[in-house]
Every structure is written in C-alpha cells, then in structure tokens.
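The values are calculated or read from the model by the stated rules, or taken from the named source; none is laboratory data. Since we're looking at a predicted model, the values are computed, not measured. Every residue, glycine as well, gets a Cβ built from its backbone with ideal geometry; the counts of neighbours run over all protein chains shown. Side chains included, ligands, DNA and RNA excluded: accessible areas come from the protein's heavy atoms. Shrake-Rupley method; radii C 1.70, N 1.55, O 1.52, S 1.80 Å.
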Amino acid sequence: PGEVLIKVERVGVNHMELLQLAGAAPPGALDRVIPGIDPAGSVVATGPGAEAPFAPGDPVVVKPASACGTCRACRHGDDDACREARITGVHRDGGWAELVRIPIANVFRLPAGVDAGIASAFSHSFPVAWQVLLRCGPLRPDDTVLVIGGAGGVGSAAVQLAAQHGCRVLATASTPAKEAVVRGLGAV
C-alpha cells in the first residue's frame, strides 16, 4: 500500500556502497538491504493508495530519503535533516535489484527526453546540495560561494547550482584533474 513498483534501468554506485563492497562500511551500514540509493526506471505497478498519478511504463526517478513529514525539520521544508528519514538502499532495499518498491511520495515522473542515468545521478546529489546552499541563506547573483570537495557528487552539484544562480564559485580540489573538473562545472 502507498508504494510504486519500479523496474530499475539505472542506478548509481555511491561512496557508502563502495565502502560496503570493500568490506569497510561502518558497522550496521547497508546490513541486510540491497544497495542502490538512486534508482531510475519505469513503473511496473502501483499499490493501493498509489495509483495516481502513475501508470505502468511511466519513466520515473526516486528521491532516496523518505522523511517522516512531521518533525521540525520536515515542517520547515528541510526534509534532508529529518532524523527519522529512511533511505532507499540504506534502510530499505534499493536499486541494485531488478525491481524496487518505493513510497509514492518519493517517486517522480521524468520529463520527456530526460535519460534515466542522468536522472539517477541528479536525484541524490542535487537536492542535498540545494538544501545545503539554502541553509546558508538566500542564494543571490554575485554572492561568493565556497564549495569544499567540489569534484565529489554533492560538491559538483553545489558548484553547478551556485554557478547557475550567477554566484562566483570557489571550490577546493585535491588533484589537478579534479581542479579541471570543478572549473568545467563553473568554479573560478
């Protein structure tokens, strides 16, 4: 009930999953769940209470964190800070499977022409980066924004979002190759 069954077409490999594969994940992390926090694919079926607005075959992407909706952070639109959040691929089975069940509130239809791989990459990092940028105050053109680790998933999203908003973006990078990446994304 309240869930959408999705045929997974694309899913990322994130830092925590790499740690798990290497046997170095923190104790309890990803225990007894199928990894894959950011699946994208197509709707197979909908459970009771999740029929609208999805139909079989609809292309969709998953927002990884299922927030409680009632805590102070959630009530203020900061569901990224919900202490009760359940994360797909961490607390519940994720997208490294052929099929995955996701609460309807975390399923979003892909606009026409948006590739499932791009959507998967976007669904985790960009919302987190956006909420972090908003916590710092309103993002205004001509602001200077410093992004630590600008070549990582969330860092590269923050660089792009701030640059898109007309900000002067400074970003740290640990190698010349990563420096080239952040410059290509909009850092000065």
Would segment 1-103 count as rounded, prolate or oblate if I go by the C-alpha gyration tensor, calling it rounded below 1.5 in a/c and otherwise prolate when a/b exceeds b/c, oblate otherwise? oblate
Normalised by the empirical 2.2 N^0.38 Å for globular proteins, what value does the Cα Rg of segment 147-188 take? 0.95
With every protein chain present, what accessible area does residue 142 have (1.4 Å probe, heavy atoms only), rounded to the nearest 10 Å²? 130
For residue 142 and residue 32 in one chain, what is 0.36 nm times their gap in residues minus the Cα-Cα distance, to one decimal in nm? 34.9 nm
Along principal axes, Cα extents of the chain, largest first, whole Å: 49, 37, 37
Whole angstrom only: what separates the Cα centroid of segment 26-96 from the Cα centroid of segment 98-112? 8
What does the charge add up to near residue 68, with Lys and Arg as +1, Asp and Glu as -1, over the other residues with Cβ less than 15 Å from its Cβ? +2
Rg in Å to one decimal, and Dmax rounded to a whole Å, for segment 101-167 via C-alpha atoms: 13.6, 43
Counting only GluC sites (Glu not before Pro) that are in a DSSP loop and have at most 16 other C-beta atoms within 10 Å, tell me the longest site-free stretch of the chain. 99-188
Regression test value, accessible area per residue of segment 126-188, probe 1.4 Å, units Å², expected 56
Computed over segment 6-52, the ratio Rg/Rh where both radii use C-alpha atoms and Rh is Kirkwood: 1.12
